[in-house]
There are 2 protein chains.
Amino acid sequence: MDRLDRKLLNLLQRDASRTNVALSEEVGLSPSSCLRRVRRLSRSGIIERIVAILDPARAGRVLKALVTVELKLHGEQHMRRFLDLAVAEEAVAQAYAVTGEIDVVLVLRLRDMEEFDGLCDRLFRDRTNVARFFTMMVIRTAKDETAIPL
Amino acid sequence: MDRLDRKLLNLLQRDASRTNVALSEEVGLSPSSCLRRVRRLSRSGIIERIVAILDPARAGRVLKALVTVELKLHGEQHMRRFLDLAVAEEAVAQAYAVTGEIDVVLVLRLRDMEEFDGLCDRLFRDRTNVARFFTMMVIRTAKDETAIPL
DNA sequence: CAGTCTTATGCAATTTTATTGCACGCTGGC
DNA sequence: GCCAGCGTGCAATAAAATTGCATAAGACTG
């Protein structure tokens, strides 16, 4: 992992749609060397995958919400059961078990409040193990970065 | 946006590294038609960009944390000033202004606790406008999805 | 219902890109 | 100073992307 690898990763984290030829020119390598480096980075696992990022609004998910959840019972099985429920929800983009008073944090991508209503029923009321939950609707996104600084 | 477009978007959200030829076979189109559809989706903006997703651990960011922040002063300028500070931090992956008691939620990707210490100093103590903040370190990631369900 | 316009499709030709073998040069260990 | 290992560039080849073109499928209109 030298300077060139970091440069490649930084470029690919911002825009992985360019051709290998273009990439090689940006880093000052021949196309073949550049390709071999990128493949090495992929095989090594530091590049997990290449994905398309969609515009949430145009994909019909205009609302983003963060939900903190406190469980009643804190055993491993109860935690797992709740997380399994949450993971199965397509509106749940991220689900984290966390330290502190809060047990679980969910990040939701919602079509509308009706979808949120249904999700609350399934996750938070219906015979599950939730003591309390607190919803924060996202008003403004100041930063939303998939890239990891190197 | 018909069934084929949705299929293409779903495939590309999971793996945008495959060739157009492979993609066209998966959806049952000729390569040229497939390419034209994908380009239309890109130009329309629903595909925002193609990026490489890195393994955070291998990229040296082993810790993830969520921080809720309450500001002392809630005016637009105070909010903006704090968000500007937060956005400038490379450890801050996401920054949201939200509804509720909490004003701002940050998602952090940290190398170690020392980096967190420095960040706290800069964002939460040093003459800023923070009444209270609450940190949740992520213990387990049950779901972490970039794809948006269509 | 026929006509027409718009739009998407497949095919084929062409251009561009990815991929591989190979020889060279650089670097570190001995 | 010599050798092994690794990365590099070049060139040839294979594969993929891109484009023009003719056709087919709908959608709208009269």
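So here's what we get for this one:
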{"item": "Nearest-10 value in Å² for the accessible area of residue B:143, using the 1.4 Å probe", "result": "40 Å²"}
{"item": "Residues losing 30 Å² or more accessible surface upon assembly, the stretch B:79-112, compared with the chain by itself, 1.4 Å", "result": "B:83, B:87, B:90, B:93, B:94, B:95, B:96, B:97, B:98, B:99"}
{"item": "Copy-to-copy label separations for residue B:15, where each label sits 7 Å from Cα toward Cβ, in nm and ascending", "result": "2.6"}
{"item": "Accessible surface buried upon B-A contact (total; probe 1.4 Å; Å², nearest 100)", "result": "5800 Å²"}
{"item": "Hull volume in cubic angstrom per residue (convex hull over the Cα atoms of the stretch A:32-150)", "result": "158 Å³"}
{"item": "Cα pair distances of the protein assembly as shown binned at 20 Å [whole percent]", "result": "30, 57, 14, 0"}
{"item": "Dipole of chain B, positive direction: furthest Cα of B:120, B:91, B:19, with charges on the beta-carbon", "result": "B:19"}
{"item": "Subset of A:7/B:143; A:7/B:64; A:143/B:143 violating a 26 Å alpha-carbon distance limit", "result": "A:7/B:143"}
{"item": "Folded to 0 to 90 degrees: helix B:31-44 orientation relative to chain B principal axis, Cα", "result": "30 degrees"}
{"item": "Mean accessible surface per residue for the stretch B:3-44, computed with a 1.4 Å probe while every protein chain stays in place, in Å²", "result": "57 Å²"}
{"item": "Net charge of neighbours whose Cβ lies under 14 Å from the Cβ of residue A:32, counting Lys and Arg as +1 and Asp and Glu as -1", "result": "+3"}
{"item": "Average accessible surface area per residue within the stretch A:58-122, 1.4 Å rolling probe, Å²", "result": "45 Å²"}
{"item": "Accessible-area order (highest first, 1.4 angstrom probe) of the listed residues A:6, B:36", "result": "B:36, A:6"}
{"item": "The stretch B:98-150: GluC sites (Glu not before Pro) in DSSP coil with no more than 14 other Cβ atoms inside 10 Å", "result": "B:101"}
{"item": "Charge dipole (debye, nearest 20) of the protein assembly as shown; +1 at Cβ of Lys and Arg, -1 at Cβ of Asp and Glu", "result": "1000 debye"}
{"item": "Protein accessible area in the stretch A:63-137, 1.4 Å probe - carbon and sulfur %", "result": "50 percent"}
{"item": "Long-range amide H partners of residue B:93 with built H, under 5 Å", "result": "B:107, B:108, B:109"}
{"item": "In sequence order, calculated HN-Hα J values of the stretch A:6-16 (Karplus, 6.51, -1.76, 1.60; Hz; x Gly/Pro)", "result": "4, 4, 4, 4, 5, 5, 5, 5, 8, 7, 9"}
{"item": "Largest-first ordering by accessible area, 1.4 Å probe, given options A:47, B:139", "result": "B:139, A:47"}
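The values are calculated or read from the model by the stated rules, or taken from the named source; none is laboratory data. Here the structure is a predicted model, which is why all the values come from computation and not from measurement. Backbone-built Cβ (ideal geometry, glycine too); neighbour counts: all protein chains shown. Just so you know, the surface numbers come from the protein's heavy atoms only, side chains and all, with ligands and any DNA or RNA stripped out. Shrake-Rupley method; radii C 1.70, N 1.55, O 1.52, S 1.80 Å.
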